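The values are calculated or read from the model by the stated rules, or taken from the named source; none is laboratory data. For clarity, every value in this text was computed on a predicted model and none was experimentally measured. Positions of Cβ are generated from backbone atoms using ideal geometry, with glycine treated the same way; all protein chains shown enter the neighbour counts. SASA here: full protein model, heavy atoms, side chains in, ligands and nucleic acids out. Shrake-Rupley method; radii C 1.70, N 1.55, O 1.52, S 1.80 Å.
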Amino acid sequence: MPRLLRFSRDVTIALAAPCSLMLLLSGSIACSDGSESALGSGGTQVGGSAGVGGSGAVGGGGEGGASNPPNPDGLGPKRVDLGEANDLAAAGAYVLLGKTGLTNVTGSQITGGHLGLSPAAATFITGFSLIADPSNVFATSASVVPPGRIYAANYADPTPTNLTTAVLVAQAAYADAAGRTDPDSLDLAGGDLGGQMLAPGLYRWGSSVTVPSDVTLAGGAADVWILQITNDLDVSTAAQVLLSGGARARNVFWQVAGQVTIHADAHVEGVILSKTAVTLQTNASLHGRALAQSLIALDDNAITAP
């Protein structure tokens, strides 16, 4: 069996005035023999383990050569770092984080984290009936379960700086996920994930991806999935993204270059890293996070942090 090169990489985000972003990369190369693939019944399960493509793995090519660091704790690639949930300057503190607007048609319920909007102001947060805190650092809403709060770029210090940094962290997370190469699977099922069962791994589609019926991500609690989509993600009405075997939503990353649309009564598990907008139609639900580089639109949705 040929020897495979595995690359490990630590990414540090350093901010210097005026809030510029710099990525400092340091890494080492280690060789290991062999690879594994996970196979199962009850559906088509594809994908390799430890972030290294098994048979049929396709090289990605990207700038700087292959970059698919293995997961040190389980199968699949290394997690995408969002920062700590208790750090308001980290993307991981927010269930919803957008740049141009947060809209809510009717009553939604957001649980387990905060909402953030930057660089747009609080006037672009609509449908939440904001209740301003006397400090003007944050607002609350009946749609956001305490201790969750709502933050906007025009609120009092330190909110503007925290949000600027959190947005940069979210953009760095998107770039990290998009920059992973050597996927375990390329263009699986032509982008139609209905009925599929996905093992932990790095997946890439050079097209839009649809979920017309239920898709299952099967793996353990420490396993990781990164799904790179170069166009749109569309989850059909009442379709579900399901987890099995102990898999956790916090370890599933949907990197989407186009629009994300979760249709009425559909359900999605995982962290959505969107280059553009995320729309949840009536009664759709998300167990995860939506970090969008433009608008997030809600309509009577249940959203819970992973």
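Most tightly packed first, judged by the mean number of other beta-carbon atoms within 10 Å of their residues, the peptides 141-151, 180-190 read 180-190, 141-151.
What shape does the range 62-221 take by its C-alpha gyration tensor, where a ≥ b ≥ c are the square roots of the eigenvalues and a/c under 1.5 counts as rounded, a/b above b/c as prolate, and the rest as oblate?
It is prolate, given that a/c is not under 1.5 and a/b is the larger ratio.
Label zone (Thr111, point 7 Å along Cα-to-C-beta; backbone nitrogen cut-off 12 Å) within the range 262-296: 286-288. Once both labels are positioned 7 Å from their Cα atoms along Cα-to-Cβ, the gap between Ala221 and Thr276 label points is 3.9 nm.
FRET efficiency for the pair Asp265 and Thr161, taken as 1/(1 + (r/R0)^6) with r the Cβ-Cβ distance and R0 = 25 Å, rounds to 0.05. Calculated from the alpha-carbon coordinates, the range 86-180 shows an Rg and a Dmax of 12.9, 44 Å respectively.
Cα convex hull, the range 170-306: 84 Å³ per residue, rounded to a whole number.
Here the label points at Ala132 and Ser294, each 7 Å from Cα along the C-beta direction, are separated by 3.0 nm in the simple model.
I need the calculated FRET efficiency for the pair Val145 and Ala175, taking r as the beta carbon distance and R₀ as 30 Å, to the nearest 0.05.
0.45
Per residue, the solvent-accessible area of the range 135-222 (1.4 Å probe, heavy atoms of protein chains only, all protein chains present) comes to 33 Å².
Note on the range 134-221: semi-axes of the ellipsoid equivalent to its C-alpha gyration tensor, largest first and rounded to whole Å, are 38, 18, 12.
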